[in-house]
Amino acid sequence: MSGTTPGSRAGGSPGGGNKSVKLSFGTKTPGNGKGKEKLDRFIPTRSAMDFDSANYTLSKENKHSLDQGDGQGSPSKEEYQKALAASLSVHDSSRILAFKQKAPAAPEGYENNLKSLYNQNLAPAVPKKQFRHVPTTQERILDAPELMDDYYLNLLDWGSQNLIAVALGRSVYLWNAGSGNVEELCTVPNEGDYISSLRWGSDGNFLAVGTSDAKVQIWDASRRKQVRELCGHTNRVSCLSWNGSILSSGSRDCTIANWDVRKRRDEACVASLRVHEQEVCGLAWSLCGQQLASGGNDNILAIHDSSFGLVNKVQAHTAAVKALAWCPYQSNLLATGGGTADRHVRFWNTHTCAMLSQIDTGSQVCALQWNPHERELLSSHGYSKHQLCLWKYPSLVKVAELSGHQGRVLHMSTSPDGCSVVTAGADETLRFWRPFGDPPASKDGDGKLGAAAGGPMAAGTAAGFGGLRSIR
């Protein structure tokens, strides 16, 4: 008796009863795709295909791979395959599936009715925005003798009528940016007193002036005449801000007085706020007139509503909060700057009083101005570089750094056309910069902003800047 041990290889002569059995499959078993053949894509145009050639080539490649895997290959099979390929006019380099002819051209004058349907969601091509050049040097310099070197005061403002008001010691001077003319508006009478703050109204005709003897005066710039005097503070008035007919004043007596200038003197003060423990040195109404931001030497930022109710107050800064700037394109975005011990610019959502972001500028933040044309913020600084920095928002990448002042840059204001900036420094100079570039062209082509504000400024550049070297 003969047999095979399990696990041993079966064998036998051709006439024996034991035969080895080999199973073979005509197609591959689907796998994980690692050894899958790289085939062409399916093309639905059947008239341009030769299915006999395609079937032959596919079968040949499949069998060829099986023969290589088994290590067996018959010369007679290869000769047969070559002869079959020659009879079918199949070349090894030819593609299995291919277009034989181009698509027919449309008749002349034919318009597809579905063209508007397919194209209605296509956005127009937007040209790539070019990086603009930011000039880093001042355009003009004016002497400003007796400009007080006091961080907590606000002594410079550029009105909508293209007049720059600056306080030098006891007097307020108006400089016309279009003509270059300088006029003295007012002087406090008492020796030892000084101008401590000033702010133009929105129409550019009336100027509010705060004095060291706790008074708030309102002057008609066109007539060079005082029209109101408001009394209520007990110490110097450090900051002012307008909201229509409401004038808010912050003082060293730690209070914020809100005056309705339409009412008579004994009824003018409509609300008095006390949320700070030290001097109120920063005050700014939002552009929409719904919120009032105040900053003090107690490091507190306070937000009030239009009814003079306290919305919230935070103490994130570690130094005095003087620099306040409301964003021109987002009504609830406020930028604040801290003093020497803080050095940070912080950004706030004033609806929730949540701090959105912050950046360490490396030096005292004296003033802030938003670019009305771009998402940028300009900051002015004190020791040690006395520079201006232009920041991209919200990335907070520094776009440019402007140097020129020899003392800390205490005050800053933007021109009516939003292109030029004037700064006042402890070096007793006014310097004019152009960091914001030209205003964007008006879509309707009328250029109202440029005509109203930029025109006089541009026309008076040569005469105004070139013909004057000092405010007084």
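For the range 204-351, what size does the Cα cloud have along each of its three principal axes, sorted from largest down, in whole Å?
Principal-axis extents of the Cα atoms in the range 204-351, largest first: 41, 32, 27 Å.
With viscosity set to 0.692 mPa s and temperature to 37 °C, compute the Stokes-Einstein D of the range 176-233, Rh being the Kirkwood radius across alpha carbon pairs; µm²/s, no decimals. Before the final figure, lay out each step's value.
Working: Rh = 12.3 Å.
Calculated translational D: 267 µm²/s.
Applying a 10 Å radius around every beta-carbon, put 289-296, 324-331 in order of their mean neighbour count, most first.
289-296, 324-331
Given Cα pairs under 8 Å that are at least 6 residues apart, what percent is the relative contact order of the range 312-351? Mind showing how you got there, number by number?
Details: 65 pairs, mean separation 14.2, N = 40.
Result for the range 312-351 is 35 percent.
Can you divide the C-alpha Rg of the range 206-252 by 2.2 N^0.38 Å and report the result to two decimal places? Please list the in-between numbers first.
Numbers: Rg = 10.4 Å, N = 47, 2.2 N^0.38 = 9.5 Å.
For the range 206-252, the normalised Cα radius of gyration comes out at 1.09.
For the range 131-263, compute Rh as the Kirkwood radius over C-alpha pairs and then the Stokes-Einstein diffusion coefficient at 10 °C and 1.306 mPa s; write the answer in µm²/s, rounded to an integer. Show your work: numbers first, answer last.
Values: Rh = 15.4 Å.
In µm²/s, the coefficient is 103.
For the range 215-295, which trypsin sites (Lys or Arg not before Pro) are in a loop by DSSP, counting at most 16 other Cβ atoms within 10 Å? Spell out each step's value before the answer.
Details: sites: LYS215, ARG223, ARG224, LYS225, ARG228, ARG236, ARG252, ARG262, LYS263, ARG264, ARG265, ARG274; in loops: ARG223, ARG224, ARG236, ARG252, ARG262, LYS263, ARG264, ARG274.
Here the sparse-neighbourhood loop sites are ARG223, ARG224, ARG262, LYS263, ARG264, ARG274.
Within 10 Å of each candidate Cβ there may be at most 15 other Cβ atoms; applying that plus a DSSP loop requirement, which chymotrypsin sites (Phe, Trp or Tyr not before Pro) in the range 237-308 survive? Numbers along the way, then the final one.
On the way: sites: TRP242, TRP259, TRP285, PHE308; in loops: PHE308.
Hits after loop and neighbour filter: PHE308.
Let me make sure I get this right: for the range 278-395, a, b and c are the square roots of the gyration tensor eigenvalues over alpha carbons, sorted descending. Under 1.5 in a/c it's rounded, otherwise prolate if a/b > b/c, else oblate. Which is it?
Values: a/c = 1.85, a/b = 1.21, b/c = 1.52.
Since a/c reaches 1.5 but b/c is at least a/b, the shape of the range 278-395 is classed as oblate.
Quick one: Karplus J couplings for the range 348-359, per residue in order, coefficients 6.51, -1.76, 1.60, θ = phi - 60°, nearest Hz, x for Gly and Pro?
The phi angles translate into 10, 8, 6, 6, 10, 6, 8, 7, 7, 6, 7, 8 Hz.
In debye, nearest 20, what is the charge dipole magnitude of the range 155-299 about its Cα centre with +1 on Lys and Arg Cβ and -1 on Asp and Glu Cβ, if you could check? Walk me through the numbers before you get to the answer.
Details: 14 positive and 16 negative charges, 71 e Å.
The dipole of the range 155-299 has a size of about 340 debye.
Rounded to the nearest 0.05, what FRET efficiency do LYS225 and GLU111 have when you use their Cβ-Cβ distance and R0 = 56 Å?
Details: r = 72 Å, r/R0 = 1.29.
After rounding to 0.05, the efficiency reads 0.20.
From the phi angles alone, apply the Karplus equation (6.51, -1.76, 1.60; θ = phi - 60°) to the range 298-312 and give each ³J(HN,Hα) in whole Hz, x where the residue is Gly or Pro.
Coupling constants for the range 298-312: 8, 6, 9, 10, 10, 10, 10, 8, 5, 9, 6, x, 6, 7, 5 Hz.
Take peptides 75-84, 275-284 and line them up by average Cβ neighbours within 10 Å, highest first, as a rough protection proxy. Write down the numbers at each step before the final one.
Numbers: 75-84: 10.8, 275-284: 22.4.
The packing order, highest mean first, is 275-284, 75-84.
Rounded to the nearest whole Å², what accessible area per residue is found for the range 176-226 with the 1.4 Å probe? Let's see the in-between values first.
Numbers: 2160 Å² over 51 residues.
The answer is 42 Å² per residue.
Using r as the Cβ-Cβ distance of ASN205 and ASN235, and R0 as 22 Å, what FRET efficiency do you calculate, to the nearest 0.05? Walk me through the numbers before you get to the answer.
Numbers: r = 29 Å, r/R0 = 1.31.
It comes to 0.15.
Among HIS317, SER331, HIS373, whose Cα sits farthest toward the positive end of the charge dipole of the range 300-385 (+1 at Cβ of Lys/Arg, -1 at Cβ of Asp/Glu, about the Cα centre)?
With unit charges placed on the Cβ atoms, the residue in question is HIS317.
The values are calculated or read from the model by the stated rules, or taken from the named source; none is laboratory data. Being a predicted model, the structure only gives us computed values, none of them experimental. Note that we place each Cβ from the backbone using ideal geometry, even for glycine, and neighbour counts take in every protein chain shown. The area values use the complete protein model at the heavy-atom level, side chains included, leaving out ligands, DNA and RNA. Shrake-Rupley method; radii C 1.70, N 1.55, O 1.52, S 1.80 Å.
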